[in-house]
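Student: Take a look at the following structure, please.
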Amino acid sequence: MKKRYQGDGFDVTEEDGIYRMSWEQGPFGIIKEYEISKENFEKAMKSSKDAYEVSVYAQTGSWPSSEEEKLEEARKLIRRLPKLLLKNPKNQKLFSPEELEELLKKAGLP
C-alpha cells in the first residue's frame, strides 16, 4: 500500500519501505522525485530547514554547508583576493583586527 505525506512544498511517498521525496523544480515546475532513507524522511518532516537540507542531500549526495563553513569559504576567497575587502567593506567583519590589517595592506591600502 502506498502512503503519501505532505510537507511544506514537498511530498513523500512510501511504498514497501521505500521513501521518495518530490517537489517542483525549475521555471516550468517539473516535479522531480528522489529516493530517501527513512531517517531522512523523519528529518524532513521536522521543519522546513530540515526538509531543505534533505532535499539538497537527495539531489547532490552532500549536506548543505553550515553557516560557519560558508563563512570560512568566504574568508578563504578574500584571503586570495583581498581587494574584495575594498569592494564590500562588510567583509572586514570576518577577520580579526590583526589579520584585517595584513589583508588591507595586501589589497593596496597603507
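Values in this text are rule-based calculations from the coordinates and carry no lab data. All values derive from a computational prediction rather than experimental measurement. Cβ sites come from the backbone with ideal geometry, for glycine too, and all protein chains shown count toward neighbours.
Student: Specify which of the listed residues (Gln59, Gln92) is surrounded by 14 or more Cβ atoms within 10 Å (Cβ to Cβ), part of a helix (DSSP H, G or I) and polar (S, T, N, Q). Give the steps one after another, and end with the answer.
Tutor: On the way: Gln59 fails: surrounded by 14 or more Cβ atoms within 10 Å (Cβ to Cβ).
After applying the criteria, what remains is Gln92.
Student: Further question on the same structure: Does the stretch 67-81 include one or more residues that are free of Cβ contacts under 8 Å to residues at least 12 places away in the same chain and under 30 Å from Tyr5 (Cα atoms)?
Tutor: Looking only at the stretch 67-81, we keep the residues that are free of Cβ contacts under 8 Å to residues at least 12 places away in the same chain, and these are 67-70, 72-73, 76-77, 80-81.
From what is left, the residues that are under 30 Å from Tyr5 (Cα atoms) are 67.
The answer is yes, given that some residue of the stretch 67-81 is free of Cβ contacts under 8 Å to residues at least 12 places away in the same chain and under 30 Å from Tyr5 (Cα atoms).
Student: Sticking with this structure for a sec: Looking at the stretch 1-54, what strands (runs of 3 or more DSSP E) fall wholly within it and have at least 2 residues that are touching a Cys at 6+ places or on another chain (Cβ under 7 Å) and surrounded by fewer than 16 Cβ atoms within 10 Å (Cβ to Cβ)?
Tutor: Working: elements: 3-6, 11-15, 18-25, 30-36.
Strands (runs of 3 or more DSSP E) meeting the threshold: none at all.
Student: Now for a different question. Which pairs turn up if I take residues in the stretch 83-110 that are basic (Lys, Arg) and look for partners that are part of a loop (DSSP other than H, G, I, E, B) with beta carbon separation below 9 Å, at least 6 apart in sequence or on another chain?
Tutor: The qualifying pairs are Lys83/Gly108; Lys105/Pro82; Lys106/Pro82; Lys106/Lys83.
Student: Hey, can you tell me all the residues within the stretch 27-45 that are of a type outside the set (S, T, N, Q) and either under 15 Å from Ser62 (Cα atoms) or under 17 Å from the mean Cα position of the chain (by Cα) (or both)? Steps first, answer last, please.
Tutor: First, pick out the residues of the stretch 27-45 that are of a type outside the set (S, T, N, Q): 27-36, 38-39, 41-45.
Answer for the stretch 27-45, where residues must be of a type outside the set (S, T, N, Q) and either under 15 Å from Ser62 (Cα atoms) or under 17 Å from the mean Cα position of the chain (by Cα) (or both): Tyr34, Glu35, Ile36, Lys43, Ala44.
Student: State whether the residues of the stretch 69-79 include one that is at negative phi and either touching a strand residue (DSSP E or B) at 6+ places or on another chain (Cβ under 7 Å) or assigned to a loop (DSSP other than H, G, I, E, B) (or both). Please lay out each step first, then the result.
Tutor: Here is the first cut: in the stretch 69-79, the ones at negative phi are 69-79.
Going one step further and asking which of them are either touching a strand residue (DSSP E or B) at 6+ places or on another chain (Cβ under 7 Å) or assigned to a loop (DSSP other than H, G, I, E, B) (or both), we end up with none.
No - not one qualifying residue is present in the stretch 69-79.
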